[in-house]
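Any read-out appearing in this document is the output of simple, stated calculations on the displayed coordinates, not a laboratory observation. Small disclaimer: the values here were computed from a predicted structure and weren't measured. No Cβ is skipped: glycine too gets one built from the backbone with ideal geometry, and neighbour counts run over all protein chains shown.
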Amino acid sequence: MAAIFRPSANLAATLSLLGIAALFVAGVGWWWVWPRTDYMRHTRWPVDQPVPFSHEHHVAGLGIDCRFCHTSVEVSSTAGMPPTYTCMTCHSQIWTNAGLLAPVRQSLADNKPIVWNRVTDLPDYVFFNHSIHIAKGVGCSSCHGQVDRMPLTYKAKSLTMQFCLNCHSNPGPNLRPKDQIYNTQWRRTAETPSPATLMAEYHVQRRNASAARLRRGAPLLAPALQPLYRRRHAHLETFGRLASRRARLDGDDNASPQVARIGPRHPSPP
Ligand code: HEC
Ligand code: HEC
Ligand code: HEC
Ligand code: HEC
C-alpha cells in the first residue's frame, strides 16, 4: 500500500507549525506590545507647536517659575496655558523682531489667541485635578518629567491608569516638601522627611489606607464594600465638577489673546 504522507510532508508540517508560531507572535505583538509602545502612547515625542517654545530656555535658563505661565495649577483642575500677553511682558522688549516669535505678534495684531497643541491628553472619562495633587505634595516632575530640560515639550510619562494607581496605592515615597513642588530636579535625599511624615503632614494617610484595603479586598468583598465604593464615587464626582472647568480651556469661544487656548484632544499619533 502506498504511504499516505510522502517524505516532503515533513517539510510542510514544519513550515506550517512555524507559520502558526509566527502568527501567534505577531498577534501578541499587535494586541499586547503595540498599544504599549512610546509611539502609540505619544510618549517622548516632541509635539510641534505654532511657536517653538522652549522650557529649557525659559525655566532652566531664565529661572521663570511654572506658575508665572501656568497660573491656575494650584487652584483648579487645569494648569492653564499662558496667554499671548504673558509672552509679551518680555517679548515686547526683547527679541521683538525675531522670526520665531512672529505668531505671537500676529496673535496680538489679530486679537486671536495662540492655540497650543496638546502634549498630555487623558481619555474623556478620566477625572483629573491638578490642585489636589499640588496641595498634597506631588511635584510637577512626578507626572511631567524634567520639563526644564525640554527644548520642545513632550510627554515624559505614560499617564496610563496603571501609572496613576502605582502612586495612589503608595503615595508616600512620591511626596515632597511644599517648597520643592516646582523644582523639577528634586530628588529624595537623607534630609527629606520620611514618607510617613509627609503622608501625615498632608493628611493622606487614612484615605490611602482605606483605598489600599479596598483594592485588596475588592474581588472577594465587593458586595459588602458597596457603601464604601459609593462614598468614594461621590467624592470623585466632586472632582468631576471641578474637572468640568477644563471645558473653559477647550472651548473655542475664547477668541482673545488675553486668554489662552489649547488644541483639540486625541489627535492622531505623531
Ligand atoms: C514662560 C512661560 C512658561 C513657563 C515659565 C513654564 N511653561 Fe510650561 N508651557 C508654556 C507654553 C507656552 C506651553 C505650550 C507649548 C508647549 O507645549 O511647549 C507649555 C506647556 C507645558 C506642558 C504641556 C502641556 C500640554 O499640552 O499638555 C507642561 C506639562 C508644562 N508646560 C509644564 C511646565 C512646568 C512643570 C513648568 C515649571 C517647571 C513650566 N511648564 C513653566 C509656557 C511656560
Ligand atoms: C499627578 C500628576 C500630575 C502632576 C503632579 C502635575 N500634572 Fe500637569 N497634567 C497631568 C495630566 C494627567 C494632564 C492632562 C490633563 C488632561 O488631559 O485633561 C496634565 C496637563 C497639564 C497641562 C496642560 C493644560 C492642562 O491643565 O490640561 C499643563 C500646562 C500642566 N499639566 C502643567 C503642570 C504643572 C506646572 C505642574 C506642577 C505645578 C503639574 N502640571 C503637575 C498630570 C499632572
Ligand atoms: C521673563 C521673560 C520672558 C517671558 C515671559 C517669555 N520669554 Fe521667550 N525669551 C526670553 C528671553 C530673554 C529670550 C532670549 C534668550 C536668549 O536668546 O538668550 C527668549 C527667547 C524666546 C524664543 C526664541 C527661541 C529660544 O528659546 O531661544 C522664543 C520662540 C520664545 N522666547 C517664546 C516665548 C513664548 C511663546 C512666550 C510666552 C509663552 C515667552 N517666550 C515668554 C524671555 C521671556
Ligand atoms: C506621584 C503620585 C500621584 C500620581 C502619579 C497621581 N496621583 Fe492622584 N493623587 C495623589 C495624591 C497624594 C492624592 C491625594 C490623596 C488624598 O488626599 O488622600 C491624589 C488624589 C487624586 C484624586 C482625588 C480623589 C481621591 O482619591 O482623593 C484624583 C481624582 C486623582 N488623584 C486622579 C489621578 C489621576 C487620573 C492620575 C493619573 C493621570 C493621578 N491621580 C496620578 C497622588 C498621585
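Arrange the following residues from fewest to most other Cβ atoms within 10 Å of their Cβ: Ser158, Ser8, Ser107.
Starting with the residue having the fewest Cβ neighbours, the order is Ser8, Ser158, Ser107.
Quick check on the exposure proxy: order Lys155, Lys136 from fewest to most C-beta atoms within 10 angstrom.
Lys136, Lys155
Once you list every other residue whose beta carbon is under 11 Å from the beta carbon of Trp116, what net charge do they have if Lys and Arg are +1 and Asp and Glu are -1? Here the count lands on +1. Under 29 Å of direct C-alpha separation, and excluding same-chain neighbours fewer than eight residues apart, Lys112 reaches these lysines: Lys155.
Within the shell defined by Cβ-Cβ distances under 15 Å, the residues around Lys155 carry a net charge of +4, with Lys and Arg each +1 and Asp and Glu each -1. When Ser77, Ser194 are arranged by Cβ crowding within 10 Å, least crowded first, meaning fewest neighbours, the order is Ser194, Ser77.
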